[in-house]
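Student: Structure below; questions to follow.
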There are 2 protein chains.
Amino acid sequence: MVRRSTSNVGRRKLLFTIGVLVAVLALVAASCNGDDDDGGGDASASAGDINTRREAAGLQPLTDAQLEAAALTYLPSGEIDPYIMFASGGHAGQMFVIGMPSMRLLKTIGVFTPEPWQGWGFGNEGTDAVLAQGDVGDQEIRWADTHHPALSETAGEYDGQFVFINDKANARVAVIDLRDFETKQIVKNPIAINDHGGTFVTPDTEWIIEGGQYATPHGWEFAPIESYDDEYKGMVTFWKFDRASGRIDENQSFALELPPYWQDLCDAGKLVSEGWIFCNSFNTERATGAGEDGSGENFEAGASARDNDYMHIIDIDKAVAAAQGGKTFDVNGFPVVGLQTLIDDGIMYFIPEPKSPHGVDVTPGGEYMVVSGKLDPHVTVYSIEKAEQAIANQDWVPDEYSGVPVLNFDSVMEAQVELGLGPLHTQFDDKGYGYTSLFLDSTVARWSLGPPYQDDGWKLEGAIPVNYNIGHLAAAEGDTVSPDGKYVVALNKWSIDRFFHPGPLLPQNFQLIDISAEPDTAPDTAGMQLLYDMPIGMGEPHYAQIIKADKLAPFDVYPEIGFDPATMAVDPNAPTAGTERVERNGNEVEIWQTAVRSHYTPDRITVKAGDHVIWHLTNIDTSIDATHGYALPSYNVTLSLEPGETGTFEFDATDSGVFPFYCTEFCSALHLEMAGYFLVEP
Amino acid sequence: MVRRSTSNVGRRKLLFTIGVLVAVLALVAASCNGDDDDGGGDASASAGDINTRREAAGLQPLTDAQLEAAALTYLPSGEIDPYIMFASGGHAGQMFVIGMPSMRLLKTIGVFTPEPWQGWGFGNEGTDAVLAQGDVGDQEIRWADTHHPALSETAGEYDGQFVFINDKANARVAVIDLRDFETKQIVKNPIAINDHGGTFVTPDTEWIIEGGQYATPHGWEFAPIESYDDEYKGMVTFWKFDRASGRIDENQSFALELPPYWQDLCDAGKLVSEGWIFCNSFNTERATGAGEDGSGENFEAGASARDNDYMHIIDIDKAVAAAQGGKTFDVNGFPVVGLQTLIDDGIMYFIPEPKSPHGVDVTPGGEYMVVSGKLDPHVTVYSIEKAEQAIANQDWVPDEYSGVPVLNFDSVMEAQVELGLGPLHTQFDDKGYGYTSLFLDSTVARWSLGPPYQDDGWKLEGAIPVNYNIGHLAAAEGDTVSPDGKYVVALNKWSIDRFFHPGPLLPQNFQLIDISAEPDTAPDTAGMQLLYDMPIGMGEPHYAQIIKADKLAPFDVYPEIGFDPATMAVDPNAPTAGTERVERNGNEVEIWQTAVRSHYTPDRITVKAGDHVIWHLTNIDTSIDATHGYALPSYNVTLSLEPGETGTFEFDATDSGVFPFYCTEFCSALHLEMAGYFLVEP
């Protein structure tokens, strides 16, 4: 016990006092040998011993705060993380599932990019079909730039059923089912070639919102850049989500034609603002770049010329009414509500916002929309009540270029709070504070919200440094109507000197921050405490959402033998124990095969070169974690079959020879013997 | 200080005594407020407060040992991991770079599988060319089952220059340069369609060893299974590594024809056994499976019938002499030394080993080869000195099937140590202990080596439980002539109840174990302490090697502007500041473009539909972490250009339209404005 006390070298004033007590207590301490329940010998957790052992391991001593941070993020073997973070993979094209507060990667979900470990896109027909939904015309697109995951919501709370994510590079949206954490659907936006402002869901997930980014002619037809003002368009798309089928219903979906301002991020209203969506924009200057000869103004200057850009605020019900009322035109067969209809029907209004904003975030109660102009040191807070009043009062002027009503800034603005340099995004807690990422300052600012959150709000409380150049930040249950207020994660873009350099491509850095204390408990960081640095060396996450783990109810194993994840139902044609067989019909060979620890049945199959092979394989093991893989050399085929799962792959046996297939998941002591021969006669 | 003492609820006998001291010290403690250097307020690291705060965070209280483990694996922001682990990605087809002891993933290196975050295989010519080296005939293979990473060695020590890895599924070997952690070369084995016993290097990396697995006719030609004994072959391949060019020299490489026993793992001799390589085998029964009609015996039974299989011990110098002396035949143009030559020239001998072994591991001094028959509870230890003596004495009988001399087991065996059920692999420390993974027991056994390591060795010291079903294990600097003895990592195949279940496909579980203490310090775990569980949710690593971080000297940025990682030299044709241009020659358009925070030059390019486009792009930023990405919609192209890097991609502009290209790495406050238009006129 006392040897622990001697450890705290930071407290020199106490050392003498302690020294005396050590002498006394050492005798007592000796008597406690063997009382440890840790099997690690006497007093093994003494902080004195800890830093001695850290030194022996070549590590620096821990301060009190660091030891506490270590303890608050350490999960002993078998303890389950209470929170799960869903982080976009950026240009990895995937999604990352991370346990919190341990900040451990639990799974990389294959979304837009083939991933062989989980058999995603390497022959399995179900997975190949989902990936093919993302093709652009006749181009196979097999990567993505995933940006903004959105968990499905019920009454504004994450319900743990689905998670959605967009691809900025090719304007696509994916649907992931959280029963098995697999991607079930990809939709390609029919009118836009890139997006950014998505995915965000309405409070009951009736709609998945996808906003645009760089304006192009709709349907990405060609139009010369000189006709930018006339032929280039922005957009926001309303994807109708059918919860029963777990799929987007493209036939009930539609888009809005927006001016060629570069729409950026969107958020859905909630509670008092339910029924609205809000989308930022930049480049309302309609800059078109320096051009091939460099004679013009490049985008970074051209898109930053005006003092203000426009928040687009859109009335969902009126937009749906226009779409369902046929006030649309078709682009690639997809209904689009035209800009003039948006004006005529009072579907969309603009609100001026400080130039080049990068986030619009709605407060938990829905009262306010918080915007950060990244070149302005303030967050600007708008009131939905005031916006609705301004609309009622026709307190607007038309936008010179588009004619869209621009609400009176002074009538709609509730507050501005100066935070620092490069504010981007804002999240919220359960105590009436906002948290805003500051890219240039490399900090997270904590500030107080005004009524009804705090009587005396709209004030900066302070900030905590982050390393380095934070983009988004994510709070636990942060986009719901009831954030948890325990943690914020800083999604830092540069790590520079935080980790060992694995070559010139450095990881990103997620930093876990405890926000459970009030600002006055640690004034220099406004009560925030840095707990953990997590390097992200497999993608560039842009945004993340964090859900309570107990809201998720994934399958441990598939519910029945022969389950097909593509349909989430039993495949009646799935091989089962006793139905294994090979059928030949001319040059077509169809195989029904099962896998069980530790063999395939059948384990030897002979075909003729040129035969078309249809191969069905079921994992008939039913115990948790009893996954079997399947690998076939020289045919670029690999499957991962979780317990009960069935899969089918087809190919032409073009190459004659002898090809051993085998199980790729170490499944038993005789795993290496789980193999067979596929023989192709010349 | 004292509040920490009150925390130790595990020590009830002391509570009263402590209580008294609390009263005394509390007064003193009060006086130390403000002395904290942690900014977290008074005594924030008190273990009492820690468990109180853990409870508030929904976490369970930590025992002493768990708090210590937390502290011994926690790296505060900016502290660099002293060890780096290179883990295979299994059927992810990649390699993982993990910092130790924090067990944080620093990077996923794209090896055999395309990976867009690092621009690996999505248009960049340099990366596409490396991946294409791995094609099998005319089949594009874009995944792998990576098994055994091998760090390059000098005099038996890891030198930090290169790391190699094999692909079991298609018998390929990759070379990764540790200056930029990028894959530089893939070689396809010309005679085998699958492998397993690699990669392992000789002590000075002259040779990279790749052993076979499932026997097939060489060149994977067709031969009926009935001719297995005559036409199916095993193999081991010697790849010549040219350190100067950093490439395998295929023209100086060769293979050995082995009997159709399924060779498994190999290891190279070192010090007293330098000059030998050792390869296990199983299925010396030459089982061929149950067959399509199921009438035969399946592999798991058929390959386990005999009591013994054979370790292959191979004299490198004699093998090289035979290969260079032309005692070879060609398979797909690759020289193969025939089995009879191996016998006639005394190149290869067999040593009986308990059936179905899965690992052969050479002790640091090279004196012993340690083998575990996975169906036998012992490790069996062989002496190279005794093996050499048995060879000198011709103390052998010919193998009935192959004629290879089988050395007398009793003459060569040094010791057998009973460890438990399912022993697989063995690693070593600096104190004379071996560590063996036990798959069925789910433990790591610690046992003492005999002379010269310990006078009274060859004894089981004890074991520590792991969760669950361990395959390989890896020790710090474990395969060198001087292991560090600080850590062992258990590569567990099943995690079952260790983590939240992200659907039916569970992560693997790496467990970090401290082995620095002697067995008697904690008899119930033979002195071993479990420190950390790391879920592996992005692949199934089979093996890993762990190197001291200070042996690695990666680039922070590329040394010069215009650097091409494919050649590791400046590309004289690389675009640089001031040389940006677009040249048109008929229907070919060549672009020289630069990227710098926050724009591309040029930022707008117009071509005609059908033009062939050759696009060169250089990142002219030179500060660390200033990576720029490049994404082009609808063309499946994405690049990652680290500071100074240049890349080229080519495509036919088949689709007319307007395609915004943009930077995918958040590089500055105006990152979103770092974009341009690629226009394709109809």
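Student: Would segment B:610-621 turn up any residue that is facing another protein chain (nearest Cβ under 7 Å) and either within 20 Å of residue A:289 (Cβ to Cβ) or crowded, with 22+ Cβ neighbours inside 10 Å (or both)?
Tutor: Checked segment B:610-621: no residue is facing another protein chain (nearest Cβ under 7 Å) and either within 20 Å of residue A:289 (Cβ to Cβ) or crowded, with 22+ Cβ neighbours inside 10 Å (or both).
Student: Now a separate question. Please work out which residue is nearest to the other protein chains (Cβ to nearest Cβ), limiting yourself to segment B:102-149 and to residues that are of a type in the set (Val, Ile, Thr) and farther than 24 Å from residue A:144 by Cα.
Tutor: Residue satisfying both the conditions and the ranking: B:136.
Student: A further question on this structure: Within segment B:276-296, count every residue that is within 10 Å of another protein chain (Cβ to nearest Cβ) and either outside any strand (DSSP E or B) or among the small types (Gly, Ala, Ser) (or both).
Tutor: Count: 10.
Student: Out of (1) touching a His at 6+ places or on another chain (Cβ under 8 Å); (2) under 30 Å from residue B:478 (Cβ atoms), what's the single condition that is false for residue B:257?
Tutor: Of everything listed in (1) touching a His at 6+ places or on another chain (Cβ under 8 Å); (2) under 30 Å from residue B:478 (Cβ atoms), residue B:257 misses just condition (2).
Student: Of all residues in segment A:372-382, which are open to solvent by 10 Å² or more (accessible area, probe 1.4 Å) and in a strand (DSSP E or B)? Give the steps one after another, and end with the answer.
Tutor: From segment A:372-382, those open to solvent by 10 Å² or more (accessible area, probe 1.4 Å) are A:375-378; that's our starting set.
Residue satisfying the conditions is A:378 alone.
Student: Could you check segment A:480-494 and list, in sequence order, the residues that are charged (D, E, K, R) and open to solvent by 10 Å² or more (accessible area, probe 1.4 Å)?
Tutor: Keep residues of segment A:480-494 that are charged (D, E, K, R), which gives A:484, A:486, A:493.
Scanning segment A:480-494 gives A:484, A:486.
Student: Could you please find all residues in segment A:306-318 being open to solvent by 70 Å² or more (accessible area, probe 1.4 Å) and within 14 Å of another protein chain (Cβ to nearest Cβ)?
Tutor: Result: A:306, single match.
Student: In segment A:416-452, what residues are part of a loop (DSSP other than H, G, I, E, B) and surrounded by 21 or more Cβ atoms within 10 Å (Cβ to Cβ)?
Tutor: Across segment A:416-452, the qualifying residues are A:419, A:422, A:429, A:439, A:442, A:449.
Student: Sticking with this structure for a sec: Restricting to segment A:565-581, what's the tally of residues that are buried (at least 17 other Cβ atoms within 10 Å of the Cβ) and either among the charged types (D, E, K, R) or farther than 25 Å from residue A:110 by Cα (or both)?
Tutor: Adding up the residues that qualify gives 3.
Student: Among the residues of segment B:646-673, what is the count of those that are at the interface with another protein chain (Cβ under 7 Å from one of its Cβ atoms) and either touching a residue at least 60 places away in the same chain (Cβ under 8 Å) or in a loop (DSSP other than H, G, I, E, B) (or both)?
Tutor: Final tally of qualifying residues: 8.
Student: Counting only residues that are in a loop (DSSP other than H, G, I, E, B) and either open to solvent by less than 10 Å² (accessible area, probe 1.4 Å) or free of Cβ contacts under 8 Å to residues at least 24 places away in the same chain (or both), how many does segment B:500-524 have?
Tutor: 11
Student: Would you check if residue A:71 is within 7 Å of chain B (Cβ to nearest Cβ) and modelled with pLDDT under 95? Even if it seems obvious, please write down each step before you answer.
Tutor: On the way: within 7 Å of chain B (Cβ to nearest Cβ): yes; modelled with pLDDT under 95: no.
Considered against the rule, which asks whether it is within 7 Å of chain B (Cβ to nearest Cβ) and modelled with pLDDT under 95, residue A:71 comes out as no.
Student: Output the residue which, of all residues in segment A:432-447 that are of a type in the set (A, V, I, L, M) and closer than 9 Å to residue A:469 by Cα, is nearest to the other protein chains (Cβ to nearest Cβ).
Tutor: Filtering first and then ranking leaves A:440.
Student: Where in segment A:58-166 are there strands (runs of 3 or more DSSP E), lying fully within it, with 3 or more residues that are open to solvent by less than 10 Å² (accessible area, probe 1.4 Å) and of a type outside the set (Gly, Ala, Ser)?
Tutor: The strands (runs of 3 or more DSSP E) meeting that bar are A:83-88, A:95-100, A:104-109.
Student: Answer with yes or no whether residue A:640 is at the interface with chain B (Cβ under 7 Å from one of its Cβ atoms) and open to solvent by less than 10 Å² (accessible area, probe 1.4 Å). Lay out the reasoning, then the answer.
Tutor: Values: at the interface with chain B (Cβ under 7 Å from one of its Cβ atoms): yes; open to solvent by less than 10 Å² (accessible area, probe 1.4 Å): yes.
In short, yes.
Student: Scan A:527, A:562, A:537 and give me the residue that is out of contact with any Cys (no Cβ under 9 Å at 6 or more places or on another chain), surrounded by 24 or more Cβ atoms within 10 Å (Cβ to Cβ) and either within 30 Å of residue B:563 (Cα to Cα) or touching a residue at least 12 places away in the same chain (Cβ under 8 Å) (or both).
Tutor: Going through A:527, A:562, A:537 in turn, the sole match is A:537.
Student: Taking the conditions exactly as written (within 7 Å of chain B (Cβ to nearest Cβ) and either open to solvent by less than 10 Å² (accessible area, probe 1.4 Å) or in a helix (DSSP H, G or I) (or both)), does residue A:497 satisfy them or not?
Tutor: no
Student: Then there is this: Out of the residues in segment B:202-229 that are open to solvent by less than 10 Å² (accessible area, probe 1.4 Å) and in a strand (DSSP E or B), which is nearest to the other protein chains (Cβ to nearest Cβ)?
Tutor: B:216
Student: Spot the failing condition for residue B:467; the list is (1) within 9 Å of chain A (Cβ to nearest Cβ); (2) buried (at least 23 other Cβ atoms within 10 Å of the Cβ); (3) assigned to a loop (DSSP other than H, G, I, E, B); (4) not hydrophobic (A, V, I, L, M, F, W, C), and only one is missed.
Tutor: (2)
The values are calculated or read from the model by the stated rules, or taken from the named source; none is laboratory data. Just so it is clear, the model here is predicted, and its values are computed rather than measured. Glycine also receives a Cβ, built like all others from the backbone with ideal geometry; neighbour counts cover every protein chain displayed. The area values use the complete protein model at the heavy-atom level, side chains included, leaving out ligands, DNA and RNA. Shrake-Rupley method; radii C 1.70, N 1.55, O 1.52, S 1.80 Å.
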